[in-house]
Amino acid sequence: MRSDAPRVAVVGGGICGLAAAHRLARSGVPVTVLEGSDQLGGLGTFAPWRDTWVERFYHCVMPSDEHLLALLDELGLHGAVRWRRTGMGMVVDGRRHPFNSALDLLRFTPLGVLDRLRFGVVTLLLRRLGRGRDLDATRTEDWLRGLYGDAAWETLLAPLFGAKFGPSFGDVPALYLWQRLGRESNVSVRGYPAGGYKAVVDALRAAIEAEGGVVRTGSPVLRLGGGGVVALADEVLRADRVICTLPLPALRRIADEELAARLPDLQLPYQGVVNALFFLRRPLSGHYWTPVVRSGADFDGLVEMSALTGALDGRHLVYAMRYTGRDSALYHEGDEAVAARWTEQLLRLHPDLAPADVEEVRVYRAPFVEPVYPLGFLSRQPPVELPGTSLLLATTAHVYPAVTSWNSSVRLANRVAALVTASPRGAPRP
Ligand SMILES: Cc1cc2nc3c(=O)[nH]c(=O)nc-3n(C[C@H](O)[C@H](O)[C@H](O)COP(=O)(O)OP(=O)(O)OC[C@H]3O[C@@H](n4cnc5c(N)ncnc54)[C@H](O)[C@@H]3O)c2cc1C
């Protein structure tokens, strides 16, 4: 550790906090990660199953995830990502359709023939059509309805890309979708780290500790001051700089009065998620991703993880997800009720699946997945360095217009760590 280096506290042990701490520890900065729960990994965290681990929420790596892949390289894990060509399906009005090729599109009967042709042509040209437009100030629905027509918007586009935002998808800046199409330009190839996301988290923790950093779990930050005072349940730490990776509403809850007055007053709504993980005795469709539209199911889509990872100890893992606000009735419904109803709905959509094929169902939730970005968010995005404080904000709201992902969190972590090493004590406080 460099003797002149600042002491840095990182609040949150998800990928962003761990990647920032890794970068700082490697530069000789004394760093302590404070994770509130008893597990690292945040939204990418995992749960024990038999003698292994499964992700609570489906996760995969895309070939375009350059920042994440570079980090995996540093950790000696790049070669450990297994890439696979994966397929996609659609369930519309209870009927299943493959959705992978021009031929699949031509046979996609939920859309009329002209709409299918229009969908194909516009999709090919879409990235080009967006150039030169102020997409940050354009509603997604205004942009896409105009180009694709009403039927394609309602039957395909909103279900394909909008599940994360629910009915608000149409209002989100079109720039978000533009970025997402860039990330997913090679959507058929996906990767998964050998040993799962736990292997990545374990490697990060080991690397941080090997460089002299400290990683603490079960250490929720209860109060945070702008001057670097970090209060835990039974001690108070003083840091030169604090990197906070919590979603903005969670940060607001722990900020002391002085800090709260300096936080951006954004009132940014966040979407949460309810997600059921099915352990099946047989494969479902073989498609990694299947949006489910107008089919009497409460979930918006299915991710058949085993299509990417292969079966796990003879079981096929399928996630059903519904993105929803943390105030919704569904978010507060009991796990057993959600598991029972979603199982019944899954069986109805897949008559070839018998109740005995469903070995176990687990329900997981997260209150804050992604902010529902308002129009013109680029100019309203809060700064990373909070003026007049020693705080750096590295939250999911700061990755916009990139899609929230491990890749965008690692990129943000690199940026924040570079700011700390360039200006160790931060701007002078007033
Ligand atoms: C259903 C779903 C599917 C996804 N699929 C993918 C995918 O396929 N690929 C991909 O790359 N990304 C995916 N993501 C997105 C990805 O998980 C997130 O973008 C990423 O994990 C965000 O990391 P983070 O560190 O910024 O935040 P978080 O993971 O939210 O980490 C914040 C951490 O702070 C901790 N914390 C909260 N309060 C306190 C406190 N007071 N004190 C201390 N610690 C606290 C939390 O416990 C948490 O560990 C998915 C997310 C979901 C929900």
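The values are calculated or read from the model by the stated rules, or taken from the named source; none is laboratory data. All of these numbers come straight from a predicted model, not from anything done at the bench. Here Cβ is always computed from backbone atoms with ideal geometry, including for glycine, and neighbour counts include all displayed protein chains. Heavy atoms of the whole protein, side chains included, go into the accessibility calculation; ligands, DNA and RNA do not. Shrake-Rupley method; radii C 1.70, N 1.55, O 1.52, S 1.80 Å.
Rounded to the nearest 20 debye, the dipole size of the chain about its Cα centre is 900 debye, using +1 on the Cβ of Lys and Arg and -1 on the Cβ of Asp and Glu. Using R₀ = 25 Å, calculate the FRET efficiency as 1/(1 + (r/R₀)^6) where r is the Cβ-Cβ separation of Leu117 and Glu154; round to 0.05. For Leu117 and Glu154, the calculated efficiency is 0.90. Taking amide H as placed 1.01 Å from N in the peptide plane, the amide H of Val54 sits under 5 Å from that of Ala47, Trp49, each at least 5 places away or on another chain. Computed over the chain with a Gaussian network model linking Cα atoms closer than 10 Å, the most mobile of Asn275, Asn100, Asn414 is Asn100.
A full extension of the chain between Glu333 and Ser423 corresponds to an added length of 27.7 nm, given 0.36 nm per residue minus the alpha carbon distance. Placing a pseudo-label 7 Å from each Cα along the Cα-to-Cβ vector at Ala311 and Leu106 gives an inter-label distance of 3.6 nm. Give the residue list of trypsin sites (Lys or Arg not before Pro) in the stretch 103-148 that are DSSP loop and have at most 16 other beta-carbon atoms within 10 angstrom. Of the trypsin sites (Lys or Arg not before Pro), the ones in loops of the stretch 103-148 whose Cβ has at most 16 other Cβ atoms within 10 Å are Arg107, Arg131, Arg133. Here, the stretch 111-181 yields an orientationally averaged convex hull projection of 4.2 nm² when only Cα atoms define the hull.
Under the rule of -39500 (n - 2.57) per DSSP H run of 4 or more residues, summed and divided by the residues of the chain, what mean residue ellipticity at 222 nm is obtained, to the nearest 500 deg cm²/dmol?
Calculated from helices alone, the mean residue ellipticity at 222 nm is -9000 deg cm²/dmol.
Applying 1/(1 + (r/R0)^6) with R0 = 25 Å to the Cβ-Cβ distance of Thr217 and Asp51 gives a FRET efficiency near 0.70. The figure for Ser328 is an accessible area of roughly 30 square angstrom, using a 1.4 Å probe on the protein chains alone.
Find the centroid of the Cα atoms in the stretch 257-278 and in the stretch 75-118, then give the distance between the two in whole Å. That distance is 32 Å.
Remark: accessible surface ordering of Thr140, Thr396 (largest first) is Thr396, Thr140, probe radius 1.4 Å. Accessible surface of Arg238, taken over heavy atoms with a 1.4 Å probe and every protein chain present, rounds to 150 Å². Taking each residue as 0.36 nm, the span from Leu129 to Ser37 lengthens on full extension beyond its C-alpha to C-alpha distance by 28.6 nm.
Kindly provide log₁₀ I(q)/I(0) values, in the same order as q = 0.06, 0.09, 0.10 Å⁻¹, from the Debye equation applied to equal alpha-carbon scatterers of the chain. Rounded to two decimals, the profile gives -0.26, -0.59, -0.73.
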